[in-house]
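**Student:** Pasting a structure below so you can have a look.
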Amino acid sequence: MRLAQRLLLYSLVVVSLLVGFALTAIRERAGAGVRALTTERVRAEAVLAARAWAPTAAPAPLADSLAAALGRHVTLLDRRGRVVGDSETGDLTQGWLGAYARLPEVAAARAAPIGVSRAGRSSAVGLPELAGAARGAAGVVRVAAPLDVGGAIVADLQRGVVLAGLAALLVAAGVALLFARAVARPLAELRDVTRALAAGDLSRRPALTAPGEVGDLATAVHRLAEQLGARLAALQAEEDLTVALTEALSEGVVAVDGRQRVVRLNAMARLLLRLRDPVPFPADHLPRDRALREALGEALRGQVSDAVELRVDDRVLSLTARPLVGGGAVLALYDLTQVRRLEAVRRDFVANVSHELKTPLTVVGGFAEALADDELPGATRRQFAQTIRGHAQRMQRIVDDLLDLSRIESGGWRPNPARVDVAAAAEEALAAARDAAAAKGLALVVAPAPGAPCVEADPTAARQVLSNLVENAVRHTAQGAVTVYTRADGSGDGVWLGVRDTGVGIAPEHLPRIFERFYRADPGRAREAGGTGLGLAIVKHLAEAHGGTVRAESVPGRGTTIEVQFPRAGARTMVSEPTDAPAS
């Protein structure tokens, strides 16, 4: 029920109760007063009637005249108690008239000058009466009035009260409606404003024109809205800062509440744990790794655990779990995949370098020891010296390639791009391999595409790329041809520079790793052919230094194609300072 309706109903109930109380009081108190007043008047009228009854007067006409003058029931009784006149009946022979002498007021008047009592029922009128009797010179005069003689007066009073009550009800209803509207409208506005604030609309404000306590309430709600807006803005700013800091972390962060629900995690945690569910979601959706589950369980029990390593798919993660105040836990995840991969590369590098240098060093040491023999023939001594020289040169090439690779990876060398004619650079690279190709009967071909005769690259780097690729192709090709070519890429901004051979090819399982340092698809053959195992790694890093990429295709027994992407001549996109170029 609305406030206006309740106020109207309450006012009507209050007025109705007041009218009811007034009617009850009038009926009780006014009725008693009217009866008392009527009793006094009846007694006084009886005294006057007794004085007016002279012994010589005719009783019956006197009773009628007195009744007409007084408006009462008048009965005249002689000294012996007989009814000699009655205003209600003219037949004095009625037997019941003899009972008047036994009425209390008559008996009292005969014993004393005046008697008053409430009569029973008059046989003439059949109604309860208030009667008074007085003794005069001729006898006793009884004057009676109906008991409800004051009923008409009380009824008139009650009708007046009812009418006044109805008027009061109308006035109260009008006042209640006006008051209810004056109060209900501001309250309804406050209700709407508070609902809007609860729903998150902090722009709503109540009007401040309401009177009295309602106005004070409106002012309080206005201040509450201002403070709530300021606090929510501060909380939102803090939340945004927390989210920004969490998202900026290179570590994954996962927050789990006391009910074992994931309530927050950053993008790195989603990436590391392969999670896509929107928060919150059950902690059971986390990877089912034993180390992770045990660390989370200990943190939820309030225990701090040491960092543990776990593997999720192809990633190695370091996990630290800490309990939260009030229940819950936070998991911190650090991706160790690259660290472990670098450690493996370092171990492999040390092992490969040791292995690559061990053989020539052993050969050099062995032949040097043999040369110490004075009885060694001169021809054999020269042969041993050439062998030592050849292995020393091989070690020198390995060291030079390692130094080149180190300078490129560390940023100590940056390309100085210029327009490079592919045909001219290819001729230089092929010239160094021409003797080895002629020994095998290989054809060396240069076939740049008409639309891509030049590339934008560091000239020294371009020549080194071609030299390494051509040298590899000639080394692993027994017959056929080695072709240097170019082709435009689909975007039109780059040129693919490639070397294609018809050699033994590379098995599919080895193809993704041929650009790793010291990796050989056929270690024995490559080492016998004099390769260092670093040429393709250098090619890859030189391509990436130019902002390009490298790729390889091969079919075992049919040959290999390796391509390096360079910018097209005239489409230079890099600006760099020239530094020492890698050794060619």
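Read the figures in this text as sums done on the coordinates, not as results from a lab. This structure is a prediction, so every number in the text was calculated from the model and none was measured. Here the Cβ positions follow ideal geometry from the backbone for every residue, glycine too, while neighbour counts run over all protein chains shown.
**Student:** As I understand it, the dipole of the chain uses +1 on the Cβ of Lys and Arg and -1 on the Cβ of Asp and Glu, about the Cα centre. Which of Ala164, Thr502, Ala418 lies farthest toward its positive end?
**Tutor:** Of Ala164, Thr502, Ala418, it is Ala164.
**Student:** Hey, another quick one. Given R₀ = 30 Å, what would the calculated FRET efficiency be for Ala431 paired with Arg341, taking r from the Cβ atoms and rounding to 0.05? Mind showing how you got there, number by number?
**Tutor:** Numbers: r = 39 Å, r/R0 = 1.31.
About 0.15, to the nearest 0.05.
**Student:** Take the Cβ-Cβ distance between Leu170 and Arg191 as r, set R0 to 41 Å, and report the resulting FRET efficiency rounded to the nearest 0.05.
**Tutor:** Values: r = 30 Å, r/R0 = 0.73.
The computed FRET efficiency comes out at 0.85.
**Student:** Continuing with the same structure: Over 20 Å, how big is the tail of the calculated P(r) for the range 250-335, in percent of all Cα pairs? Could the numbers behind the result be given before it?
**Tutor:** On the way: 802 of 3655 pairs.
Here the tail beyond 20 Å accounts for 22 percent of pairs.
**Student:** If I fit a long axis through the Cα atoms of helix 151-198 and take the longest principal axis of the Cα atoms of the chain, what angle between them do I get, 0 to 90°, rounded to 10?
**Tutor:** Taking the Cα atoms of the chain, the angle to 151-198 is about 10 degrees.
**Student:** Report the extension gain between Glu88 and Ala244 in nm, rounded to one decimal, defined as 0.36 nm multiplied by the number of residues separating them, less their alpha carbon distance.
**Tutor:** Numbers: separation 156, 0.36 × 156 = 56.16 nm, distance 11.20 nm.
Residue separation times 0.36 nm, minus the Cα-Cα distance, leaves 45.0 nm.
**Student:** Taking the Cα centre as origin and putting +1 on Lys and Arg beta-carbons and -1 on Asp and Glu beta-carbons, what dipole magnitude results for the chain, to the nearest 20 debye? Write out the running numbers ahead of the final one.
**Tutor:** Values: 69 positive and 64 negative charges, 746 e Å.
Rounded to the nearest 20 debye, it is 3580 debye.
**Student:** Next up: With unit charges on the beta carbons (Lys and Arg positive, Asp and Glu negative) and the dipole taken about the Cα centre of the chain, which residue among Phe518, Thr320, Gly533 sits farthest to the positive side?
**Tutor:** Final value for the positive-end residue is Thr320.
**Student:** In degrees between 0 and 90, to the nearest 10, how far off the longest principal axis of the chain does helix 378-410 point, with axes built from Cα atoms?
**Tutor:** Helix 378-410 sits roughly 20 degrees off the main axis of the chain.
**Student:** Using amide H atoms built 1.01 Å from N in the peptide plane, name the residues 5+ places from Phe518, or on other chains, whose amide H lies under 5 Å from its own.
**Tutor:** It is Leu534, by chain and number.
**Student:** Put +1 on the Cβ of each Lys and Arg and -1 on the Cβ of each Asp and Glu in the range 59-112; which of Tyr100, Leu62, His73 then has its Cα farthest toward the positive end of the dipole?
**Tutor:** Final value for the positive-end residue is Tyr100.
**Student:** Next question, about the same structure. Considering all alpha-carbon pairs of the chain, what whole percent are spaced by more than 42 angstrom? Each step should come with its number before you reach the end.
**Tutor:** Numbers: 112125 of 170236 pairs.
Counting pairs separated by more than 42 Å, the tail of P(r) holds 66 percent.
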